[in-house]
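K.L.:
Before anything else, here's the structure in question.
The values are calculated or read from the model by the stated rules, or taken from the named source; none is laboratory data. The shown structure was predicted, so the numbers you read here are calculated from the model rather than taken from an experiment. All Cβ positions, glycine included, derive from the backbone under ideal geometry; neighbour counts span all protein chains shown. These area figures cover heavy atoms from the full protein model, side chains too; ligands, DNA and RNA do not enter into them. Shrake-Rupley method; radii C 1.70, N 1.55, O 1.52, S 1.80 Å.
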Amino acid sequence: MMVFGEDVAKKGGVYGVTRGLQKRFGAGRVFDTLLDEQAVLGLALGTGVSRMLPVPEIQYLAYLHNALDQIRGEAATMSFFSRGAYRNPMVVRVAGYAYQKGFGGHFHNDNSIAALRDIPGIVIASPSRPDDASAMLRTCLAAARTEGSVCVFIEPIALYNTRDLFDEGDSGWLAPYAPPTRWAETHVPIGRARGYGDGRDLTIVTYGNGLRMSLRAAVKLTQDGVSCRVLDLRWLAPLPMEDLMRAAELTGKVLIADESRRTGGVSEGIVAEMLDAGFTGQLARVASADSFIPLGEAANHVLLSEAEIEQAARKLLT
(Lines give C-alpha, C1' and ligand atoms only; values in the text may rest on other atoms or scores of the structure.)
Protein backbone atom coordinates (compact mmCIF):
# COMPACT_ATOMS: atom_id res chain seq x y z
CA MET A 1 0.00 0.00 0.00
CA MET A 2 1.10 3.53 -0.77
CA VAL A 3 -0.44 6.81 0.41
CA PHE A 4 0.35 9.85 -1.71
CA GLY A 5 -0.98 13.20 -2.84
CA GLU A 6 -0.54 16.93 -2.39
CA ASP A 7 1.03 17.71 1.01
CA VAL A 8 0.03 14.36 2.55
CA ALA A 9 3.51 13.39 3.77
CA LYS A 10 5.54 15.95 5.71
CA LYS A 11 2.55 18.19 6.39
CA GLY A 12 0.13 15.33 6.92
CA GLY A 13 -2.48 16.79 4.61
CA VAL A 14 -4.34 20.10 4.80
CA TYR A 15 -6.42 18.76 7.69
CA GLY A 16 -3.77 16.58 9.34
CA VAL A 17 -5.47 13.28 8.52
CA THR A 18 -2.23 11.60 7.38
CA ARG A 19 0.03 13.30 9.91
CA GLY A 20 2.81 11.02 11.14
CA LEU A 21 2.36 8.31 8.52
CA GLN A 22 5.54 9.10 6.60
CA LYS A 23 7.61 9.03 9.79
CA ARG A 24 6.13 5.65 10.69
CA PHE A 25 6.16 3.93 7.30
CA GLY A 26 8.86 5.77 5.35
CA ALA A 27 9.06 7.97 2.27
CA GLY A 28 8.66 4.99 -0.07
CA ARG A 29 5.17 4.33 1.26
CA VAL A 30 3.92 7.83 2.10
CA PHE A 31 5.04 10.72 -0.09
CA ASP A 32 4.09 14.09 -1.55
CA THR A 33 3.30 14.57 -5.23
CA LEU A 34 3.19 17.47 -7.64
CA LEU A 35 0.25 19.85 -7.28
CA ASP A 36 -1.40 18.14 -10.22
CA GLU A 37 -4.44 15.87 -9.87
CA GLN A 38 -3.73 14.17 -13.19
CA ALA A 39 -0.29 13.22 -11.91
CA VAL A 40 -1.76 11.96 -8.63
CA LEU A 41 -4.37 9.73 -10.25
CA GLY A 42 -2.04 8.80 -13.11
CA LEU A 43 0.40 7.41 -10.57
CA ALA A 44 -2.48 5.52 -8.95
CA LEU A 45 -3.35 3.99 -12.34
CA GLY A 46 0.19 2.77 -12.92
CA THR A 47 0.77 1.38 -9.45
CA GLY A 48 -2.66 -0.24 -9.35
CA VAL A 49 -2.18 -2.19 -12.55
CA SER A 50 1.28 -3.17 -11.25
CA ARG A 51 -0.33 -5.06 -8.34
CA MET A 52 0.24 -2.40 -5.71
CA LEU A 53 -2.52 -0.81 -3.61
CA PRO A 54 -2.56 2.96 -4.21
CA VAL A 55 -4.39 5.30 -1.83
CA PRO A 56 -4.14 8.71 -3.52
CA GLU A 57 -5.60 11.80 -1.89
CA ILE A 58 -7.42 14.53 -3.79
CA GLN A 59 -7.15 17.63 -1.65
CA TYR A 60 -10.67 18.99 -2.34
CA LEU A 61 -13.72 17.53 -4.05
CA ALA A 62 -13.80 20.09 -6.87
CA TYR A 63 -10.14 19.32 -7.68
CA LEU A 64 -11.23 15.82 -8.68
CA HIS A 65 -12.83 17.23 -11.83
CA ASN A 66 -9.39 18.30 -13.06
CA ALA A 67 -8.52 14.65 -13.56
CA LEU A 68 -11.86 12.83 -13.55
CA ASP A 69 -11.16 11.06 -16.82
CA GLN A 70 -8.38 9.16 -15.06
CA ILE A 71 -11.18 7.41 -13.17
CA ARG A 72 -13.97 7.52 -15.76
CA GLY A 73 -11.94 6.74 -18.87
CA GLU A 74 -9.21 4.52 -17.46
CA ALA A 75 -9.47 3.10 -13.92
CA ALA A 76 -13.15 2.18 -14.10
CA THR A 77 -12.96 0.83 -17.64
CA MET A 78 -9.84 -1.33 -17.37
CA SER A 79 -11.65 -4.50 -16.30
CA PHE A 80 -14.54 -3.91 -18.74
CA PHE A 81 -12.34 -3.62 -21.81
CA SER A 82 -9.92 -6.40 -20.87
CA ARG A 83 -12.62 -8.95 -19.97
CA GLY A 84 -11.34 -8.86 -16.39
CA ALA A 85 -7.73 -9.60 -17.27
CA TYR A 86 -6.50 -6.23 -15.95
CA ARG A 87 -7.71 -3.99 -13.18
CA ASN A 88 -6.77 -0.66 -11.67
CA PRO A 89 -7.58 -1.04 -7.96
CA MET A 90 -7.37 2.12 -5.91
CA VAL A 91 -8.96 3.91 -2.98
CA VAL A 92 -9.17 7.63 -3.76
CA ARG A 93 -9.51 9.65 -0.57
CA VAL A 94 -11.26 12.98 -1.19
CA ALA A 95 -11.75 15.77 1.33
CA GLY A 96 -15.18 16.95 0.31
CA TYR A 97 -18.56 18.54 0.71
CA ALA A 98 -19.31 21.98 2.08
CA TYR A 99 -20.13 23.63 5.43
CA GLN A 100 -16.63 24.95 6.03
CA LYS A 101 -17.51 28.10 7.91
CA GLY A 102 -15.98 31.25 6.45
CA PHE A 103 -13.85 29.32 3.99
CA GLY A 104 -14.04 27.94 0.56
CA GLY A 105 -15.56 29.34 -2.53
CA HIS A 106 -16.57 26.85 -5.19
CA PHE A 107 -13.20 25.08 -5.43
CA HIS A 108 -12.75 24.41 -1.72
CA ASN A 109 -16.39 24.08 -0.66
CA ASP A 110 -17.98 21.89 -3.32
CA ASN A 111 -21.06 19.71 -2.79
CA SER A 112 -21.54 18.00 -6.16
CA ILE A 113 -20.76 14.34 -6.82
CA ALA A 114 -22.94 13.98 -9.90
CA ALA A 115 -19.92 13.33 -12.13
CA LEU A 116 -19.01 10.27 -10.06
CA ARG A 117 -22.39 8.66 -9.61
CA ASP A 118 -22.87 7.54 -13.22
CA ILE A 119 -19.51 5.81 -13.60
CA PRO A 120 -20.22 2.08 -13.89
CA GLY A 121 -18.67 -0.18 -11.28
CA ILE A 122 -17.04 2.29 -8.92
CA VAL A 123 -17.76 2.32 -5.20
CA ILE A 124 -18.58 5.65 -3.55
CA ALA A 125 -18.19 5.64 0.22
CA SER A 126 -19.48 8.57 2.27
CA PRO A 127 -18.85 8.11 6.01
CA SER A 128 -20.29 10.56 8.51
CA ARG A 129 -19.11 9.34 11.89
CA PRO A 130 -15.51 8.51 12.92
CA ASP A 131 -16.24 4.87 13.74
CA ASP A 132 -17.87 4.34 10.35
CA ALA A 133 -15.00 6.14 8.62
CA SER A 134 -12.30 3.74 9.83
CA ALA A 135 -14.43 0.65 9.21
CA MET A 136 -15.55 1.76 5.75
CA LEU A 137 -12.02 2.68 4.73
CA ARG A 138 -10.87 -0.84 5.62
CA THR A 139 -13.75 -2.24 3.56
CA CYS A 140 -12.67 -0.17 0.55
CA LEU A 141 -9.05 -1.27 0.94
CA ALA A 142 -10.11 -4.90 1.11
CA ALA A 143 -12.36 -4.52 -1.96
CA ALA A 144 -9.53 -2.90 -3.93
CA ARG A 145 -7.07 -5.59 -2.88
CA THR A 146 -9.29 -8.63 -3.43
CA GLU A 147 -11.71 -7.52 -6.17
CA GLY A 148 -9.71 -4.83 -7.97
CA SER A 149 -12.37 -2.27 -7.06
CA VAL A 150 -12.09 1.44 -7.76
CA CYS A 151 -13.32 3.19 -4.61
CA VAL A 152 -13.85 6.90 -4.01
CA PHE A 153 -13.87 7.67 -0.28
CA ILE A 154 -15.40 11.08 0.42
CA GLU A 155 -14.55 12.55 3.83
CA PRO A 156 -16.78 15.43 5.06
CA ILE A 157 -14.35 18.25 5.81
CA ALA A 158 -16.70 20.05 8.18
CA LEU A 159 -16.93 16.96 10.40
CA TYR A 160 -13.18 16.38 10.79
CA ASN A 161 -12.99 18.40 13.99
CA THR A 162 -16.60 18.03 15.14
CA ARG A 163 -16.85 16.72 18.69
CA ASP A 164 -20.40 17.41 19.86
CA LEU A 165 -23.82 16.34 18.60
CA PHE A 166 -26.63 18.01 20.52
CA ASP A 167 -25.05 20.24 23.17
CA GLU A 168 -21.66 21.88 23.54
CA GLY A 169 -19.38 19.53 25.41
CA ASP A 170 -21.51 16.38 25.01
CA SER A 171 -18.82 14.67 22.85
CA GLY A 172 -21.66 12.95 21.00
CA TRP A 173 -19.79 12.84 17.71
CA LEU A 174 -16.72 11.11 19.07
CA ALA A 175 -16.07 7.37 18.99
CA PRO A 176 -13.30 5.10 20.30
CA TYR A 177 -10.85 3.84 17.71
CA ALA A 178 -11.42 0.22 16.72
CA PRO A 179 -8.10 -1.39 15.68
CA PRO A 180 -7.83 -3.76 12.70
CA THR A 181 -7.90 -6.73 15.07
CA ARG A 182 -11.61 -6.00 15.59
CA TRP A 183 -12.36 -6.27 11.88
CA ALA A 184 -14.86 -9.11 12.28
CA GLU A 185 -17.11 -7.21 14.70
CA THR A 186 -16.75 -3.74 13.18
CA HIS A 187 -16.84 -4.63 9.48
CA VAL A 188 -19.18 -2.46 7.37
CA PRO A 189 -20.09 -4.26 4.12
CA ILE A 190 -20.41 -2.26 0.91
CA GLY A 191 -24.03 -1.26 0.39
CA ARG A 192 -25.21 -1.44 4.01
CA ALA A 193 -26.77 1.59 5.67
CA ARG A 194 -26.87 2.48 9.38
CA GLY A 195 -30.05 3.32 11.23
CA TYR A 196 -30.69 5.54 14.24
CA GLY A 197 -33.86 5.35 16.31
CA ASP A 198 -36.96 3.20 15.91
CA GLY A 199 -39.66 5.76 15.13
CA ARG A 200 -42.79 4.79 13.21
CA ASP A 201 -43.99 8.20 11.97
CA LEU A 202 -41.17 9.33 9.68
CA THR A 203 -37.93 8.08 8.12
CA ILE A 204 -35.26 10.67 7.31
CA VAL A 205 -32.77 9.38 4.75
CA THR A 206 -29.44 11.20 4.54
CA TYR A 207 -25.63 10.96 4.42
CA GLY A 208 -22.48 13.01 5.12
CA ASN A 209 -23.09 16.30 6.90
CA GLY A 210 -26.81 15.60 6.62
CA LEU A 211 -26.63 12.90 9.27
CA ARG A 212 -25.68 15.25 12.09
CA MET A 213 -28.28 17.81 10.99
CA SER A 214 -30.97 15.14 10.65
CA LEU A 215 -30.27 13.66 14.09
CA ARG A 216 -30.56 17.11 15.63
CA ALA A 217 -33.78 17.81 13.71
CA ALA A 218 -35.18 14.43 14.77
CA VAL A 219 -34.72 15.30 18.45
CA LYS A 220 -36.76 18.48 17.99
CA LEU A 221 -39.48 16.54 16.20
CA THR A 222 -39.52 13.91 18.93
CA GLN A 223 -40.01 16.60 21.55
CA ASP A 224 -43.25 17.46 19.73
CA GLY A 225 -44.43 13.86 19.73
CA VAL A 226 -43.19 12.85 16.26
CA SER A 227 -41.61 9.41 16.25
CA CYS A 228 -38.60 9.50 13.86
CA ARG A 229 -35.90 7.22 12.59
CA VAL A 230 -32.83 8.40 10.65
CA LEU A 231 -31.06 6.29 8.04
CA ASP A 232 -27.45 7.10 7.10
CA LEU A 233 -26.87 5.69 3.61
CA ARG A 234 -23.07 5.52 4.08
CA TRP A 235 -22.67 4.18 0.51
CA LEU A 236 -23.75 6.33 -2.45
CA ALA A 237 -22.79 3.70 -5.01
CA PRO A 238 -24.11 1.13 -4.79
CA LEU A 239 -27.05 2.56 -2.85
CA PRO A 240 -28.13 0.40 0.13
CA MET A 241 -31.56 -0.28 -1.32
CA GLU A 242 -32.45 -3.23 0.90
CA ASP A 243 -31.88 -1.23 4.08
CA LEU A 244 -33.48 1.85 2.54
CA MET A 245 -36.70 0.10 1.54
CA ARG A 246 -36.96 -1.63 4.90
CA ALA A 247 -36.68 1.67 6.78
CA ALA A 248 -39.10 3.34 4.37
CA GLU A 249 -41.79 0.67 4.71
CA LEU A 250 -41.64 0.85 8.52
CA THR A 251 -43.01 4.40 8.48
CA GLY A 252 -44.55 4.88 5.04
CA LYS A 253 -43.26 8.47 5.02
CA VAL A 254 -39.76 9.30 3.82
CA LEU A 255 -37.88 12.60 3.75
CA ILE A 256 -34.55 12.64 1.90
CA ALA A 257 -32.14 15.23 3.31
CA ASP A 258 -29.57 15.76 0.56
CA GLU A 259 -26.64 18.15 0.97
CA SER A 260 -25.76 17.93 -2.72
CA ARG A 261 -27.49 20.07 -5.32
CA ARG A 262 -31.15 19.54 -6.10
CA THR A 263 -30.45 18.92 -9.78
CA GLY A 264 -28.19 15.97 -10.38
CA GLY A 265 -27.95 15.29 -6.67
CA VAL A 266 -28.09 12.05 -4.73
CA SER A 267 -31.76 12.50 -3.83
CA GLU A 268 -32.81 12.26 -7.49
CA GLY A 269 -31.33 8.80 -7.69
CA ILE A 270 -32.85 7.72 -4.37
CA VAL A 271 -36.35 8.79 -5.41
CA ALA A 272 -36.07 6.98 -8.73
CA GLU A 273 -34.75 3.79 -7.14
CA MET A 274 -37.46 3.78 -4.46
CA LEU A 275 -40.25 4.24 -6.99
CA ASP A 276 -38.76 1.54 -9.20
CA ALA A 277 -38.67 -0.75 -6.16
CA GLY A 278 -42.38 -0.21 -5.62
CA PHE A 279 -42.52 2.25 -2.73
CA THR A 280 -46.08 3.58 -2.47
CA GLY A 281 -45.83 5.76 0.61
CA GLN A 282 -45.29 9.50 0.91
CA LEU A 283 -41.96 10.75 -0.36
CA ALA A 284 -40.30 14.17 -0.24
CA ARG A 285 -36.83 15.59 -0.52
CA VAL A 286 -34.97 18.70 0.55
CA ALA A 287 -31.58 19.59 -0.92
CA SER A 288 -29.06 22.36 -1.42
CA ALA A 289 -29.72 24.93 -4.13
CA ASP A 290 -28.47 24.62 -7.71
CA SER A 291 -25.62 27.01 -7.08
CA PHE A 292 -21.92 27.27 -6.57
CA ILE A 293 -21.15 27.87 -2.91
CA PRO A 294 -20.24 31.47 -2.05
CA LEU A 295 -17.89 32.63 0.68
CA GLY A 296 -18.75 33.35 4.28
CA GLU A 297 -22.31 33.71 5.51
CA ALA A 298 -23.61 33.81 1.95
CA ALA A 299 -23.09 30.04 1.81
CA ASN A 300 -26.02 29.62 4.19
CA HIS A 301 -28.37 30.86 1.47
CA VAL A 302 -27.65 27.89 -0.81
CA LEU A 303 -26.75 25.00 1.51
CA LEU A 304 -29.21 22.61 3.11
CA SER A 305 -29.79 23.53 6.75
CA GLU A 306 -31.00 21.78 9.87
CA ALA A 307 -33.99 24.13 9.99
CA GLU A 308 -34.98 23.21 6.42
CA ILE A 309 -34.88 19.52 7.28
CA GLU A 310 -37.15 20.10 10.27
CA GLN A 311 -39.56 22.26 8.26
CA ALA A 312 -39.73 19.73 5.41
CA ALA A 313 -40.40 16.94 7.91
CA ARG A 314 -43.27 18.85 9.52
CA LYS A 315 -44.77 19.59 6.10
CA LEU A 316 -44.63 15.92 5.13
CA LEU A 317 -46.37 14.94 8.35
CA THR A 318 -49.30 17.35 7.95
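K.L.:
Hey, what D do you get for the range 229-291 in µm²/s if you plug the Kirkwood alpha-carbon radius into Stokes-Einstein at 37 °C and 0.692 mPa s?
P.N.:
Approximately 275 µm²/s, per Stokes-Einstein.
K.L.:
I'd like to compare 94-100, 106-112: which one has the highest average count of other Cβ atoms within 10 Å, and what's the full order after that?
P.N.:
94-100, 106-112
K.L.:
Over 20 Å, how big is the tail of the calculated P(r) for the range 180-318, in percent of all Cα pairs? Before the final figure, lay out each step's value.
P.N.:
Working: 4319 of 9591 pairs.
Percentage above 20 Å: 45.
K.L.:
Turning to a different aspect of this structure: Can you give the helix-only mean residue ellipticity at 222 nm for the chain, where every DSSP H stretch with n ≥ 4 adds -39500 (n - 2.57) and the sum goes over all residues, rounded to the nearest 500 deg cm²/dmol?
P.N.:
Value at 222 nm, helices only, nearest 500: -9000 deg cm²/dmol.
K.L.:
With a probe of 1.4 Å, find how much accessible area the range 177-318 has per residue, and write the answer as a whole number in Å². Display every interim value, and only then the final one.
P.N.:
Values: 6530 Å² over 142 residues.
Value returned for the range 177-318: 46 Å² of accessible area per residue.
K.L.:
Here's a follow-up. With only alpha-carbon pairs counted, each pair once and no self-pairs, how large is the Kirkwood hydrodynamic radius of the range 93-164 in angstroms? Write down the numbers at each step before the final one.
P.N.:
Values: mean 1/r = 0.0752 Å⁻¹.
Final number for the Kirkwood radius of the range 93-164 is 13.3 Å.
K.L.:
For the chain, with all protein chains present and a 1.4 Å probe, just round the carbon and sulfur fraction of the accessible area to a whole percent. It would help to have the intermediate numbers written out before the result.
P.N.:
Details: 7610 of 14530 Å².
That share works out to 52 percent.
K.L.:
Give me the 1.4 Å probe accessible area per residue for the range 1-120, excluding ligands and nucleic acids, in Å².
P.N.:
Values: 5810 Å² over 120 residues.
Per residue, the range 1-120 has an accessible area of 48 Å².
K.L.:
Take a quick pass over the chain and tell me how many lysine pairs come in under 17 angstrom between Cα atoms, counting only ones 8 or more apart or on separate chains. Could you put the intermediate results ahead of the total?
P.N.:
Working: 10/23; 11/23; 220/315; 253/315.
Lysine pairs, 8 or more places apart or on different chains, close enough: 4.
K.L.:
Under the classification rounded if a/c is under 1.5, otherwise prolate if a/b is larger than b/c and oblate if not, where does the range 132-213 fall, given a ≥ b ≥ c as square roots of the Cα gyration tensor eigenvalues?
P.N.:
Values: a/c = 1.84, a/b = 1.50, b/c = 1.22.
In terms of gyration-tensor shape, prolate.
K.L.:
In what sequence, highest mean first, do 13-25, 141-153, 202-214, 125-137 appear when ranked by Cβ atoms within 10 angstrom?
P.N.:
202-214, 125-137, 141-153, 13-25
K.L.:
Something else about it: Rounded, prolate or oblate for the chain? Axes are the square roots of the Cα gyration tensor eigenvalues, ordered a ≥ b ≥ c, and the cut-off for rounded is a/c under 1.5.
P.N.:
Prolate is the answer for the chain, as a/c is 1.5 or above and a/b outweighs b/c.
K.L.:
Shape of the range 1-85 from its Cα gyration tensor (a ≥ b ≥ c, root eigenvalues): rounded if a/c is under 1.5, otherwise prolate when a/b > b/c, or oblate?
P.N.:
Because a/c hits 1.5 or more and a/b fails to exceed b/c, the range 1-85 counts as oblate.
K.L.:
Follow-up. Restricting to the chain, compute how many DSSP beta bridges are antiparallel as a %, nearest 5.
P.N.:
15 percent
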